[in-house]
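Take a look at the structure set out below.
Values in this text are rule-based calculations from the coordinates and carry no lab data. Everything numeric in this text was worked out from a predicted model, so none of it was measured. Here the Cβ is made from the backbone with ideal geometry for all residues, glycine too, and neighbour counts use every protein chain on show.
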Amino acid sequence: MTEVDLVVAALAAGASAGLMDTASTAVRDAYDALREAVRRRLSARGEEVLDAEQVEPGVWEAQLREELIASGADRDQELLAAAEKFRALVRSEGKYRVDARGAKGVQIGGDHPTQFNTFN
């Protein structure tokens, strides 16, 4: 993965509504810091691309990749560090976020369909 691909992938992951609705404060703060670092690098046209709605899959990423390359983002150590920090935080958040307070007979997960629980 190139430096620009890392930044684009991190921005695309953060742009997904589901991630930002359920993410911790640390993840949201890291995403905001990444967007701000990207915004400082981009031209006015690049900012328009960054803020554009993702209409067609791949189009937004391709346009943003072009703008990032043109801006020299692949050499911006602060921006790359922000992308890596966001990526690491997203990975550490875990796959499931469950609040089972007061629940009874709960099975959390689903990656192992051969798991069975018997409740008496």
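See the values below:
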{"read-out": "Spin-label pair GLN77/ASP32, simplified geometry with 7 Å Cα→Cβ offset, distance in nm", "value": "2.7 nm"}
{"read-out": "In order through the stretch 80-92: 3J(HN,Hα) via Karplus (6.51 cos²θ - 1.76 cosθ + 1.60), integer Hz, x for Gly, Pro", "value": "5, 5, 5, 5, 5, 4, 4, 4, 5, 5, 4, 5, 7"}
